[in-house]
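Asker: So that we are looking at the same thing, I have put the structure below in structure tokens.
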Ligand SMILES: Nc1ncnc2c1ncn2[C@@H]1O[C@H](COP(=O)(O)OP(=O)(O)OP(=O)(O)O)[C@@H](O)[C@H]1O
Ligand SMILES: [Mg+2]
């Protein structure tokens with residue numbers, strides 16, 4: 001699914017100060033393209049992902065996803081867009097603590113209105129956690145929890161994946177192996193991915209590096 005961001009503006013008020021976090025951002029992302037989004041802390045990377053996820057609204061501009069302008073959709077339509085089209089992986093894994101690994105993965109199907117236990121289990125197997133299916137997040141290591149989060153984000157077949165420093169909380173070795181799993185799956189399924197990272201080595205694996213500097217995107 002291709003994504004077209006046009007003249008996107010977003011400001012925040014901090015006390016008396018206005019910060020223009022996104023300043024006429026333009027970005028074209030091809031279907032199946034993997035973009036690494038870089039930028040120093042506070043440059044607006046998470047803000048940008050929130051806009052793409054329809055979790056926050058811009059002041060101005062448009063975000064066209066497959067001929068649909070997200071900025072014009074109702075909250076209800078945005079919820080449906082997220083449930084059907086988007087996988088999201090955060091820095092903090094955001095698993096539901098009282099659900100097992102398997103139930104966490106199954107949840108993304110339930111939100112979509114159908115239950116596919118077989119596919120949910122297949123994804124846990126793909127991330128190497130089939131034998132941990134009945135374990136609760138607290139019984140899993142950080143790397144294992146993030147693999148469950150990846151399985152949950154991708155299992156229902158979304159065309160787009162947004163990942164905000166998915167390995168930021170993991171040791172380098174574990175981070176690398178998780179990135180390998182992520183890239184393999186995303187390339188196999190031709191998913192469009194926007195990956196926020198601070199890691200140049202990781203960014204080099206993407207099809208294109210985009211830097212957020214002074215509220216603008218530079219490819
Ligand atoms: N809800 C908010 N209210 C006020 N200011 C905000 C809000 N959200 C973000 N900001 C500000 O916008 C700027 C960009 O924040 P953002 O979280 O997008 O940065 P980032 O590039 O993701 O940084 P990091 O690499 O540290 O995660 C920061 O100065 C932040 O303080
Ligand atoms: Mg951030």
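Nothing in this text is a laboratory measurement; each read-out follows from the coordinates by a stated rule. For clarity, every value in this text was computed on a predicted model and none was experimentally measured. Glycine also receives a Cβ, built like all others from the backbone with ideal geometry; neighbour counts cover every protein chain displayed.
Asker: If you take the Cα atoms of the range 53-163, find Rg, then find the Kirkwood Rh from the mean of 1/r over all pairs, what is Rg/Rh?
Answerer: Working: Rg = 15.1 Å, Rh = 14.7 Å.
We get a ratio of 1.02 for the range 53-163.
Asker: Just to verify a number: FRET efficiency for residue 75 and residue 20, C-beta to C-beta distance, R0 = 25 Å, to 0.05?
Answerer: Details: r = 25 Å, r/R0 = 1.01.
Working from the Cβ atoms, E equals 0.50.
Asker: Still on this structure, please answer the following. Out of all DSSP beta bridges in the chain, what portion is antiparallel? Express it as a percent rounded to 5. Numbers along the way, then the final one.
Answerer: On the way: 20 of 37 bridges.
That works out to approximately 55 percent antiparallel.
Asker: Further, regarding this structure: Compute the relative contact order of the chain as a whole-number percentage, counting only Cα pairs closer than 8 Å that sit 6 or more residues apart in sequence. Intermediate results must be reported in sequence, preceding the final value.
Answerer: Values: 404 pairs, mean separation 67.3, N = 219.
About 31 percent, as a whole number.
Asker: Starting with the highest mean, order 115-121, 102-108 by the number of other Cβ atoms within 10 Å, averaged over the residues of each peptide.
Answerer: Values: 115-121: 15.1, 102-108: 22.4.
Per-residue Cβ counts within 10 Å, averaged per peptide and sorted highest first, yield 102-108, 115-121.
Asker: Can you give me the angle between helix 75-85 and the longest principal axis of the chain, using Cα atoms only, in degrees from 0 to 90, rounded to the nearest 10?
Answerer: Tilt relative to the chain: about 50 degrees.
Asker: Related question: Before rounding to the nearest 500, sum -39500 (n - 2.57) across all DSSP H runs of length at least 4 in the chain and divide by the residue total; then give [θ] at 222 nm in deg cm²/dmol.
Answerer: Working: 7 runs with 74 residues, N = 219.
Only helices count here, giving -10000 deg cm²/dmol.
Asker: While we're on this one: Angle, helix 117-126 long axis vs. longest principal axis of the chain, Cα atoms, 0 to 90°, nearest 10?
Answerer: It works out to around 80 degrees.
Asker: Could you tell me the extents of the range 119-193's C-alpha atoms along the three principal axes, largest first, rounded to whole Å?
Answerer: Computed over the Cα atoms, the extents are 32, 28, 16 Å.
Asker: In degrees from 0 to 90, rounded to the nearest 10, what is the angle of the helix 101-111 Cα long axis to the longest principal axis of the chain?
Answerer: 50
Asker: Relative to a virtual label point 7 Å from the Cα of residue 7 in the Cα→beta-carbon direction, which members of the range 32-60 show backbone nitrogen distances below 15 Å?
Answerer: 58-60
Asker: Let me ask you something else. Distance from a point 7 Å along Cα→Cβ of residue 171 to each backbone N in the range 119-156: keep the residues under 13 Å and list them by number.
Answerer: Only 141-144 fall inside the zone, counting backbone N under 13 Å.
Asker: On to the next question. Decide, for the chain, between rounded, prolate and oblate: order the square roots of the alpha carbon gyration tensor eigenvalues as a ≥ b ≥ c, take rounded if a/c falls under 1.5, and otherwise choose prolate if a/b is larger than b/c, else oblate. Please list the in-between numbers first.
Answerer: Numbers: a/c = 1.77, a/b = 1.49, b/c = 1.19.
Because a/c hits 1.5 or more and a/b exceeds b/c, the chain counts as prolate.
Asker: Then there's this: List residues of the range 25-39, by number, whose backbone nitrogen lies under 19 Å from a label position 7 Å along Cα→C-beta of residue 67.
Answerer: It comes to 29-32, nothing else.
Asker: Based on other C-beta atoms within 10 Å, arrange 72, 176 from fewest to most. Let's see the in-between values first.
Answerer: Details: 72 10, 176 15.
Exposure proxy ranking, most exposed first: 72, 176.
Asker: Sorting check: for 195-203, 144-152, 62-70, 16-24, which peptide has the highest mean count of neighbouring beta carbons within 10 Å, and how do the rest follow? All intermediate terms of the calculation are to be shown ahead of the outcome.
Answerer: Values: 195-203: 18.2, 144-152: 25.3, 62-70: 15.8, 16-24: 13.6.
Top of the packing list down: 144-152, 195-203, 62-70, 16-24.
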